[in-house]
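The values are calculated or read from the model by the stated rules, or taken from the named source; none is laboratory data. The shown structure was predicted, so the numbers you read here are calculated from the model rather than taken from an experiment. Positions of Cβ are backbone-derived with ideal geometry, glycine not excepted, and every protein chain shown enters the neighbour counts. Note: accessible area is taken over every heavy atom of the protein model, side chains too, but ligands, DNA and RNA are not part of it. Shrake-Rupley method; radii C 1.70, N 1.55, O 1.52, S 1.80 Å.
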Amino acid sequence: MKIYAVGGAVRDELLGLPVADRDYVVVGASPDEMVRRGFRPVGKDFPVFLHPDTHEEYALARTERKTARGYKGFQVYAAPEVTLEEDLARRDLTINAIAKDEAGNFIDPYGGMADLKAGMLRHVSPAFIEDPVRVLRAARFAARFGFAIAPETLALMREMAANGEVDALVPERVWQELSRGLMEKIPSRMFRALRECGALARILPELDVLFGVPQTEQYHPEVDTGVHVMMVVDYAAAQNYSLPVRFAALTHDLGKGTTPREAWPRHIDHEARSFELVKALCQRLRVPNDCRELALVVARFHGIPLRAFDLRPETILKLLLETDSLRQPRRFEAFLQACTADFCGRLGYRDAVFVQADFLREAHKATQEVDAGAVARQCDDPTKIRDRVYAARLEAIKAWLGKSGRAGDAG
Ligand code: ATP
Ligand code: MG
C-alpha cells in the first residue's frame with residue numbers, strides 16, 4: 001500500500017501558507033488491512049480511517065459516480081485497484097487535486113501546480129457539475145486566494161445554477177459555505193463569483209437584487225446598493241470583525257431591494273423592510289442565533305448611529321434600550337462595529353473615522369454606570385421603580401452630554 005498527502009494541505013504548502021489539517025489517500029489497501037494496522041474506521045459513506053497516533057485522516061482511494069439528484073446521490077467505489085489518478089479525478093479543483101508521496105514528490109496529473117502559479121481556479125473534470133457544493137467552494141476559494149475562476153469552470157457553474165442543481169443544496173450546507181466565505185480575506189469575491197454564475201439569485205435572491213438599485217449620491221458616492229454592501233462586508237473582513245458582524249454587514253440593507261422604483265434613489269423606512277427580510281432569510285438558511293440576533297438589530301437600527309450627534313438624550317436612551325445594550329453589552333459593541341463598516345464601506349470613506357460610534361460607546365458607558373439596584377432600593381413604591389431607573393439613566397446621559405461638550409448639538 002502507498003500513502004499520499006492530498007488536498008488542502010498540499011495546496012497550502014505549495015502556496016507557502018501554514019497547514020492546518022492534513023488528509024491522506026491510501027492506494028492498494030483494503031479496509032481490513034487498515035484495521036489490522038491499527039487505523040480506526042470513521043467513514044459512514046466511504047472508507048476513511050484515523051491514524052492510531054496522529055489521528056489524521058486516511059481515506060482509501062475511491063471513485064464516485066453520480067446516480068441521483070442531491071448530494072447523497074453518489075455511488076462510491078473504493079477498492080485496492082483504484083489508482084491515485086482516479087482518486088484525484090473526483091476532486092473539485094485542480095489546485096486541490098495535487099498529491100505528494102512519502103519521498104516528497106508531487107503528483108499533479110491535472111495541472112494544479114500551473115494553476116496555483118497562474119492564480120486560477122479550474123475544475124478537474126466535467127464531473128464537476130455533479131455536486132453543487134462545488135459552486136460554493138469555488139466561490140469561497142476565490143474569496144480566500146483572490147484567484148480568478150477559469151471561463152470553462154464558470155460556464156459549468158452557470159449550468160448548475162440554471163439547471164436547478166444549486167437548488168438541491170441543503171440549507172445547512174449553504175450556510176456552512178457562506179459563513180466560511182464571509183470569514184475569508186475578501187468575502188466580496190465569493191459573492192461576485194456567485195453572482196456571475198447566477199447562483200446568487202438562487203441562494204440569496206434578496207442580496208442579488210441589490211445590484212442595480214441606486215442610492216442617493218450625496219451619501220453614497222458608489223451609488224449602487226450591491227456595490228455598497230460588498231464594500232461594507234470587505235471592510236468588516238479587513239477589520240477582522242467576527243462572523244456575526246460580517247453577516248449583519250451583508251444583510252443590513254436588504255430592504256433597499258424592495259423599495260418601489262418611483263422612490264429611488266431614496267429608501268425611506270428600508271430598515272423595517274430589512275428586518276423582515278433578514279428574519280425570513282435566517283429561517284430559510286437556518287442561520288445560527290448569534291448571527292441572526294445581531295443581523296436583526298443591525299437591520300433595524302443601523303440608520304440611527306449616523307445621526308448620533310443630532311439625537312435628543314431620550315432618543316439615545318431609546319436606542320440603548322431597544323438594542324438591549326445594557327444586558328448585552330458585547331452585542332452592542334458588535335452593533336457599533338457593523339455600523340462602522342456601513343459608514344466606512346462607501347466610496348471615499350474607507351479611512352474615515354466613524355466618531356459617532358465612540359460617542360455612542362460613551363453614552364452606553366454613562367448609562368451602564370447607573371446602579372439600577374440602588375435606585376430601586378431607594379424607591380418605596382414598587383410600581384415606580386421602572387420610571388425611576390429610566391429617569392436615572394436619562395439623567396446620566398444628560399450629565400455626560402453636558403460634560404462631553406456635545407450638549408449643544410443634541411437639540
Ligand atoms: P480547507 O483549507 O478549507 O480545508 P480543503 O481543500 O482542504 O480546504 P476540505 O473540505 O478539507 O477542503 O477537503 C479536502 C479535499 O477534498 C479538497 O482539497 C478536495 O480535493 C476534496 N473535496 C472536498 N470537497 C469536495 C467536493 N465537494 N467535491 C470534490 N472534491 C472535494
Ligand atoms: Mg482541509
| the stretch 333-411: GluC sites (Glu not before Pro) falling in loop per DSSP and having at most 15 other Cβ within 10 Å | Glu369
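Give me the orientation-averaged projected area of the Cα convex hull of the stretch 1-125, in nm², one decimal. Write out the running numbers ahead of the final one.
Working: hull surface 32.3 nm².
If you wrap the Cα atoms of the stretch 1-125 in a convex hull and average its projections, you get 8.1 nm².
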| Helix 133-145 versus the longest principal axis of the chain: what angle, 0 to 90°, nearest 10, using Cα atoms? | 70 degrees
| Radius of gyration and Dmax over the Cα atoms of the chain, both given in Å | 26.4, 85
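What dipole magnitude, in Debye to the nearest 20, does the chain give about its Cα centre under +1 on Lys/Arg Cβ and -1 on Asp/Glu Cβ? Each step should come with its number before you reach the end.
Working: 57 positive and 59 negative charges, 152 e Å.
Rounded to the nearest 20 debye, it is 720 debye.
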| note | Per residue, accessible area of the stretch 1-125 with a 1.4 Å probe, heavy atoms of protein chains only, in Å², comes to 52 Å²
| note | Listed by chain and number, the residues whose amide H is under 5 Å from that of Ile107, excluding neighbours fewer than 5 places away on the same chain and using placed H, are Ala99, Lys100, Asp101
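Tally up the carbon and sulfur contribution to the accessible surface of the stretch 204-404 as a whole percent, 1.4 Å probe, everything protein left in place. Before the final figure, lay out the partial values.
Numbers: 4910 of 9650 Å².
Carbon and sulfur: 51 percent of the exposed surface of the stretch 204-404.
Quick one, what does Rg over Rh come out to for the stretch 30-88 if you take C-alpha atoms and the Kirkwood Rh? Could the numbers behind the result be given before it?
Working: Rg = 12.5 Å, Rh = 12.3 Å.
My calculation puts Rg/Rh at 1.02.
Taking a cut-off of 19 Å, what percent of all Cα-Cα pairs in the stretch 132-203 are separated by more than that? Write down the numbers at each step before the final one.
Values: 563 of 2556 pairs.
Taking all Cα-Cα pairs of the stretch 132-203, the fraction more than 19 Å apart is 22 percent.
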| field | Karplus (6.51, -1.76, 1.60) ³J(HN,Hα), θ = phi - 60°, over the stretch 96-102, in Hz, Gly and Pro reported as x | value | 9, 10, 9, 10, 9, 7, 5
| Using a 1.4 Å probe on the protein chains only, how many percent of the accessible area of the stretch 132-203 belongs to carbon and sulfur? | 49 percent
| Shape metrics for the stretch 139-290, restricted to C-alpha atoms - Rg then Dmax, Å | 15.2, 43
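Can you tell me the equivalent ellipsoid semi-axes for the stretch 64-142? Use √(5λ) from the Cα gyration tensor, largest first, whole Å. Don't skip to the answer; put the middle values down first.
Details: eigenvalues 97, 72, 14 Å².
After diagonalising the Cα gyration tensor, the semi-axes are 22, 19, 8 Å.
Measuring with a 1.4 Å probe in the full set of protein chains, what accessible area per residue, in whole Å², belongs to the stretch 292-348?
Details: 2270 Å² over 57 residues.
Averaged over the residues of the stretch 292-348, the accessible area is 40 Å².
Quick one: with all protein chains in place, what share of the accessible area of the stretch 1-125 is carbon or sulfur, to the nearest percent (1.4 Å probe)?
Details: 3240 of 6480 Å².
Ligands and nucleic acids excluded, carbon and sulfur give 50 percent.
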| query | What ³J(HN,Hα) values, in whole Hz, does the Karplus curve 6.51 cos²θ - 1.76 cosθ + 1.60 give for the stretch 240-254 when θ = phi - 60°, with x put for Gly and Pro? | reply | 6, 5, 5, 4, x, 5, 5, 5, 4, 4, 5, 10, 4, 9, 3
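Which percent, nearest 5, of DSSP beta bridges in the chain are antiparallel?
Working: 21 of 27 bridges.
Roughly 80 percent of the DSSP beta bridges within the chain come out antiparallel.
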| request: Would you compute, for the Cα atoms of the stretch 260-397, the largest minus smallest coordinate along each principal axis and list the three values in descending order, in whole Å? | output: 56, 35, 29
| query | If you place +1 on the Cβ of every Lys and Arg and -1 on the Cβ of every Asp and Glu, how big does the dipole about the Cα centre of the stretch 132-203 come out, in debye to the nearest 20? | reply | 300 debye
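Per residue, how large is the accessible surface of the stretch 132-203? Use a 1.4 angstrom probe and give square angstrom. Before the final figure, lay out each step's value.
Numbers: 2640 Å² over 72 residues.
Result: 37 Å² per residue.
Give the relative contact order (percent, whole number) for the chain; include only Cα pairs under 8 Å separated by 6+ residues. Don't skip to the end; give the middle numbers.
Numbers: 678 pairs, mean separation 39.0, N = 411.
Once divided by the residue count of the chain, the mean separation gives 9 percent.
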| message | Classify the stretch 234-277 from the C-alpha gyration tensor, please: rounded if a/c falls under 1.5, else prolate or oblate depending on whether a/b exceeds b/c. | response | prolate
